[in-house]
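Student: What follows is a single structure, and I will ask about it in a moment.
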Amino acid sequence: MPLDPVTLGILSHKFSAATDEMTLNLKRASRSVYVKEAADFGTGLVDLEGHIFAFPASTSVSAIERECGATIAAVPDLADGDVIITNDPYRSRGLATHLPDLHIVQPYFHDGRIIAYGWCFIHFMDMGGRVPASISPSNSEIFQEGLIVPPCKIVKRGRIDQEILAIIAANCRTPHQNVADIKAMLGALGTGRKRIADIIGQHGIAEFEAARQEVQDYAAAKARAVLRRIPDGVYDFWDYMDDDLVTGIPVRFRVRMTVKDGEIEVDTSGTDPQVRAAFNLPTHGFRHPWLAVRLTQFMLTYDRSLPLNYGMYRHIKAVNPPGTVLNAEFPDAVGVRHSSAHRYNDALSGAMMKACPDLMPAPTSGVIVPIVLAELDERGGRNVTVVEPLVGGRGACHGLDGTDARDNSAANLSNHPVETIEAEIGAMIRRYDVRCDSGGPGEWRGGVGQIVAIEILRDNSMLLARGMDRMRFIAWGYDGGAPSAPLRLIVNQGRPDEREYGKIDELLLKAGDTVTFLSPGGGGYGDPYRRAPEAVERDVRLGFVSREAAARDYGVVIAEDGTVDAAATAARRDRRMAATQPDGFDFGPERRAWEAVFDDATMLELNRRLGRLPKPQRQPLRRRIFDAVAPELGARARIRFADAFADTDAARRRLADAMKAILPPEAA
Amino acid sequence: MSASAASRGPGCRIGIDVGGTFTDFVLADLRTGALTRYKEASVPSDPSLSVKRGLPALLARAGAKPEDVELIVHGTTLLVNAIIQRRGAKVGLVVCEGHRGLLEIGRGRLANTYDLKITKEEPLVPRNLILETKARIRADGSIVTRPEPGEIAAIAARFRAEGVESVTVVLLHAYAHPAMEREVAAELRRHMPDIPVSESAQIWPERREFERSLVAIMNAYVQPIMDSYLTRLTERVASLGISAPIYITASNGGTLSVDTTRDRPIETILSGPASGVVAAMRAAAGHGRIITVDMGGTSADVAVTLGTEPEYTTLTHVGDFPLVLPVVNVSAIGAGGGSIVWVDPQGVLKVGPRSAGADPGPACYGRGGQDATITDCYLAVGLIDPDQFLGGRMRLDRAAAEAALARIAGRAGFTGPDAVLRVAEAALRVATALMSTELYKSLAQRGMDPQGFSLMAFGGAGPTHSTLLAAEARLETVIIPAAPATFCAMGAILADVKRDYVRSEHLELAHGPAALARLKTIFAELAQQGHCWITREGDLLGKPEFVASCDMRYAGQAFDLSVAVPEALRLAPDATELAELFHKAHERTYGFRDPDSAIEITTERVRVVGRIPPIALPAVRRDLAGPPVAAASRRVYHEGRMLDVPVFDRATLGAAQPVVGPAIVEQDDCTSWVAPGWAGALDEIGNLVLRAEHDGAGTTKRDAHEVALA
């Protein structure tokens, strides 16, 4: 029964409001800081195929096209009052993406048959495993990452299965909170059930069932209209994670986006193989929600009235072949899969920027680093606290500077008031400020990053900082815009014992040490020499750009009194304009040095040939090849690629020789 | 108030609410019990001018003399607009070294997670006017470093060179240990005696440096605007021969003297909606749990009262900025009369979020607005009379409304001779669904379900939309107060004098007698501060009352719950009783208690209240019996049918005279729509109380009152 458009609009709104109510109730009742501070949870209403037909406007949008089908199919004989639970990325076929995310699905009945499902998940504080909070990049198998709960009934005909609850509680470090959070989720699904019954009471089951499908058709039509703004064509782009923490070898994410009349295909072929660390994304080769995050943001930026549901993705297709880090295979560890997804989406950003440069911003800083301090307490135990979540700035886009020192792109985290943190830890936060000169220069400037400096006041304090990246492969600039400054970690900056670190897992510190994190800004857009001098003057006045950088990067000379020296500026700008004007993408020196040796064609060839080998052989052989070019890579020594590969030709010869010697010959 | 007025016995009280379009006046004559209302066009550039113009007309209408006035209570939205439009003072800020990013970083979040072009708010103090001092203390108050010699003088010189008009000092941990902050501020004052210097802990001593600094910064930012406004206002009122004291409505539903308002204008910033809720509490006393809906030209605001107190929140926003002062919890639920009706490319009819506002306003205002709005829909379906809008002072253009609706009807799939009627009614359905779902969300946020609440509707459009909204939201009772369109002005004269005091001292109940002794001391100190203040707020007030509460949590929780502390516990805190109060509150809000968990108190609060002697709300006539006589009839298009609807004049209705829907109740400045399926009557104080009528099956009777078709 096709609905009239007024009723369709009203029901679309009511569905989404029901999920907003589910969200609000879940958020109120949850004990997890991931829910309270990072909004790392989701709720939705699901149709009979397992697709989300309603999703709240108020949470993160990276989960809209979750597939509940495999989870539902795994638990037959669902009765009214049953609820399925799972955190298993493999058996749920990617509904769960790592073990701390516990999902529940409840069938909603009307007149004795299932007419919809409610779904929600929460990122739990801890699901057991090798390390507190369950996630560590150095895990290599999922068994190290905590308790695996395959899809099964946690509630049977309205009664909670106390045995399953006891098993979960017994296997994690935060049993109280976990049990409370499971109840919070059940409460949210109860709200959804009630609202669905209300809607059916007001509109009738026929209108409800028609709308369940038609809101998806409606979303598909609206989404297509937005996607048509991307011109037809084939767009290749790639971006890198600095390394996988186990080795120093970069991980490349390669996408090919093909666009035809608002139909999008994103092909990840050529992306590097799975790593022996927890960065693998369990997509099962599907068009996983995380593979469309940037496209989702794009659609919602340009049509705010788009209903959030599975229909949005009808015109987006993914080719996501086996063997890559974007297609984890059991039992690959997956805990830190978001790092891969972020960088993949930056690569997708680049492809979209090639297609529609006026509509896409340059990338954000690309890092979120929860700075965790573990201090010894009086009893010899460790007092573990998240000091601040370090984020950077956002990328600039055509006509708009990037946001300074705040970034919503991945998690939109709340920080911690310094007063609250200092009441809980022995250390002092000496600086918490914007980082001057960290945004990519451009006609529109990339947003600047942050500085967080912590003075350690207790010996044997341990600092943990997961998620560090973009120390080498930085947020790129576009159309003459320059890249951002890299992430840096410096201990005792400005003192004789100053030392700089690369990515760390843990860092042991003594009283009196000061740890300074400098987060990257976002990429710049457009030629900085075209930036309005008044805008540069303001940047200098506010401390986002230094006087030196104003002259060097922008050609704007700021006089002693803080105003623009117009004559000197004109002279300086004319000189540069006459020479070379930059255009296209600026990836920074380290990527340039890397790609002079490890170019696209060779890397595609390498991955293609590795892909033919049994999985256990791929990473060892791959590492041997890179070690043959530069032994520092495997050993994670701190090198600059620009130095290590100064003799490009020699390095390329070593690479060719190594591939010939190490890879098995291909049959003719 | 002046001694002469006090000696004369009761006189008149006047409430004044300045809105965007109109300034509303209510005069309560305590000698006769009569209420007199008046509306004057607002003067946005100088709201005191409309006060000066309106007061003589009000007095004349009420038959009162200037010297009869014993109290004026005034509310204004001047300050919110000053912040939204960034029209405030040039403020300088002093922070601890290394923390100049305070306002840029804020609490780290942006408005959403998807917008590729998201921007953040422009700080009220640009970073170049944020200067650092070496002064630094630890969380326990111990001193790390003191200001360097000459440092403060240099800061003062810099501010002076920049032309800064007001300075705020925010040092870390000053909420608990204010001495260093006070010292820096004192030194600054010595170097720049002509520039006001405020201290964060003195304005609002709550933990969390960003939120605390915002209270102090916003206070400093709006101070000059409020100050000059109050000067003009007091002069203009005095020039009319009125010597009565003036009070200003506050965001916590109370009022403050002019002197206090000059010091602490931030306390009044969200006072407008709060006044409406105060009036609703009085008018709806005895009607149980109430949801108030204030629907005006640009938005509809919802609030909740569970009894004699409104519900408060300590987390709200002024423009882009969070505000942690306790305020009456009012949240927007979208559509107002000016919300624009449009059709998306897929042919789906939408309402809002864009609004035509007051200028150009709806198409029917005839001021050049081309977009159809909700008000145009009311007009098109016949709910409002184009000749009676605002008591006939503004004629509406029905043809313009219909033309605007005709432009969108086809795109939304409505054709034929009644396309305009059908699209208008469809748009009202969409708006109603939108408001209803927002209402549910808004209550879910408070941990409540709307079922069992009554809906009290006011504002210009509230009474027109109330039965539609209640039916959609499945609320059984609608209450429309006597003068819905001037309700906030009414709230102003009903409000008591109130101020909140706060302390953020972390106490653990498990620490036993020491923690309890500390709590007792804190409550006593806060009450003492409140007592000192209120005794200078005027001689009209009764004996001060103190209302204590604590923000509490289970150890390790990332959020607090506010727990009211009864008088006996305030004076003699008891761990078991406090714990039980918290467990109960937690159970009520989250559905469970955790008896094994330790309990922490994070924040202590005391509200001091000085009661204004109450006034009686006038009774309506009780001598009229039987069904009322319709003054006229009107055609209304409702649920696909044209109905012939009787129109009653509210002024002639007596208590208990039955009004049965479909019916329209007209009054001076607004129209109440009693949809089919609703019926009721005026109660003793003139509220129109309507109830949904059910047939035997429990569903609302919609067809029972079917009237002749067109």
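Coordinate-derived values only; no laboratory data. In this text the structure is predicted, and so the values were computed from the model without any measurement. Please note: Cβ atoms are built from the backbone with ideal geometry, for glycine as well, and neighbour counts cover all protein chains shown.
Student: Is there a quick way to get the dipole size of the protein assembly as shown? I mean about its Cα centre, with the Cβ of Lys and Arg at +1 and of Asp and Glu at -1; what is the value in debye to the nearest 20?
Tutor: 820
Student: Mean shadow of region A:240-334, computed from the convex hull of its alpha carbons, in nm²?
Tutor: Projected over every direction and averaged, the Cα hull of region A:240-334 covers 6.7 nm².
Student: Taking θ as phi - 60°, what are the ³J(HN,Hα) couplings along region B:103-108 by the Karplus curve (6.51, -1.76, 1.60), each to the nearest whole Hz, with x for Gly and Pro?
Tutor: 8, 5, 7, x, 9, x
Student: Moving on. When each pair of different Cα atoms in region A:361-527 is counted once in the 1/r mean, what is the Kirkwood radius in angstroms, to one decimal?
Tutor: Result for region A:361-527 stands at 16.0 Å.
Student: Please report, in whole Å, how far the alpha carbons of region A:528-668 spread along each principal axis, starting with the longest.
Tutor: Its Cα atoms span 69, 30, 25 Å along the three principal axes.
Student: Using the alpha carbons of region A:5-219, what is the convex hull volume per residue in cubic angstrom, as a whole number?
Tutor: Each residue corresponds to 109 Å³ of Cα convex hull volume.
Student: Give the Rg/Rh ratio for the protein assembly as shown, taking Rg as the radius of gyration of the Cα atoms and Rh as the Kirkwood radius, to two decimals.
Tutor: Rounded to two decimals, Rg over Rh is 0.97.
Student: Jot down the per residue volume, in cubic angstrom and as a whole number, of the convex hull over the alpha-carbon atoms of region B:591-688.
Tutor: Taking only Cα atoms, region B:591-688 has a hull volume of 255 Å³ per residue.
Student: In straight Cα distance, which aspartates and glutamates are under 15 Å from A:K14, not counting same-chain residues fewer than 8 positions off?
Tutor: A:D198, A:E207, A:E209, A:E214, B:E438, B:E472
Student: Still on this structure, please answer the following. Binning at 5 angstrom from zero up to the longest distance, how are the C-alpha pair distances of region B:135-241 distributed in percent?
Tutor: Spelled out per bin, shortest first, that is 2, 12, 19, 19, 18, 12, 7, 5, 3, 2, 1, 0.
Student: Where both partners of a DSSP beta bridge lie in the protein assembly as shown, what percent of those bridges are antiparallel, to the nearest 5?
Tutor: So the antiparallel bridges amount to about 80 percent of the total.
Student: Give me the distance between the Cα centres of region A:327-387 and region B:611-668, rounded to whole Å.
Tutor: Each part reduced to its Cα centre gives a spacing of 63 Å.
Student: Quick check for me: using +1 on Lys/Arg Cβ and -1 on Asp/Glu Cβ, what's the dipole size of chain B about its Cα centre, in debye to the nearest 20? The partial results should precede the final answer.
Tutor: On the way: 73 positive and 83 negative charges, 173 e Å.
That gives a dipole near 840 debye.
Student: Then there is this: Choose one of B:S198, B:L172, B:N112: the residue whose Cα lies farthest towards the positive end of the charge dipole of region B:86-223 (beta-carbon charges +1 Lys, Arg; -1 Asp, Glu; about the Cα centre).
Tutor: Checking the options against the dipole of region B:86-223, the answer is B:N112.
Student: Sort A:Y501, B:Y221 so that the residue with the fewest other Cβ atoms within 10 Å of its own Cβ comes first and the one with the most comes last.
Tutor: Listed from fewest to most nearby Cβ atoms, that is A:Y501, B:Y221.
Student: Report the FRET efficiency, 1/(1 + (r/R0)^6), for B:V629 and A:E265, where r is their Cβ-Cβ distance and R0 is 51 Å, rounded to 0.05.
Tutor: After rounding to 0.05, the efficiency reads 0.10.
Student: When the convex hull of the Cα atoms of region B:247-307 is projected onto a plane and the area is averaged over all directions, what value comes out in nm²?
Tutor: About 4.6 nm², averaged over all directions.
Student: Give me A:F587, A:F41 ranked fewest to most by other Cβ atoms within 10 Å of their Cβ, as a rough exposure proxy.
Tutor: By the 10 Å Cβ count, ascending: A:F587, A:F41.
Student: Moving on to the next point. Would you pull out the residues with amide H under 5 Å of B:V69's amide H, same chain only if 5 or more places away, H placed 1.01 Å from N?
Tutor: Those lying under 5 Å, H to H, from B:V69 are B:C12.
Student: Quick query: amide H of B:V304 versus all other amide H atoms, modeled in the peptide plane; which residues come in under 5 Å with a sequence gap of 5 or more or a different chain?
Tutor: B:T292, B:E311
Student: What's the magnitude of the charge dipole for region A:5-219 around its Cα centre, counting Lys and Arg as +1 and Asp and Glu as -1 at the beta-carbon? Answer in Debye, nearest 20. Mind dumping the intermediate values first?
Tutor: Values: 20 positive and 25 negative charges, 130 e Å.
That gives region A:5-219 a dipole magnitude of about 620 debye.
Student: What length, rounded to one decimal in nm, is gained on full extension from B:D449 through to B:L390, with 0.36 nm per residue of separation minus their alpha-carbon distance?
Tutor: Numbers: separation 59, 0.36 × 59 = 21.24 nm, distance 3.49 nm.
Gain on stretching B:D449 to B:L390: 17.8 nm.
Student: Ok, one more. From the backbone phi of region A:96-111, what are the Karplus-calculated ³J(HN,Hα) couplings (6.51 cos²θ - 1.76 cosθ + 1.60, θ = phi - 60°) in whole Hz, Gly and Pro given as x?
Tutor: Once θ is set to phi - 60°, the couplings for region A:96-111 become 7, 10, 7, 5, x, 7, 9, 9, 10, 9, 10, x, 9, 9, 9, 6 Hz.
Student: Output ³J(HN,Hα) for region A:633-650: one whole-Hz value per residue in order, computed from phi by the Karplus curve 6.51 cos²θ - 1.76 cosθ + 1.60 with θ = phi - 60°, and x for Gly and Pro.
Tutor: 4, x, 7, 6, 6, 7, 10, 9, 4, 4, 7, 4, 10, 4, 8, 4, 4, 4
Student: Report, to one decimal in Å, the Kirkwood hydrodynamic radius for chain A based on all distinct Cα pairs. Before the final figure, lay out the partial values.
Tutor: Values: mean 1/r = 0.0380 Å⁻¹.
Final number for the Kirkwood radius of chain A is 26.3 Å.
Student: Which cross-chain or sequence-distant (5 or more) residues have an amide H under 5 Å from the amide H of B:F22, H modelled 1.01 Å from N in plane?
Tutor: Residues meeting the amide H criterion: B:S42.
Student: Follow-up question, since we're still on this one. Compute log10 of I(q)/I(0) for chain B with the Debye formula, placing one identical point scatterer on every Cα and leaving out solvent, at q = 0.06, 0.09, 0.11 Å⁻¹, to two decimals.
Tutor: Once normalised to I(0) and log-transformed, intensities are -0.39, -0.86, -1.24.
Student: Taking every eigenvalue of the Cα gyration tensor of region B:473-586, multiplying by 5 and rooting it, what semi-axes result, largest first, whole Å?
Tutor: 33, 23, 11
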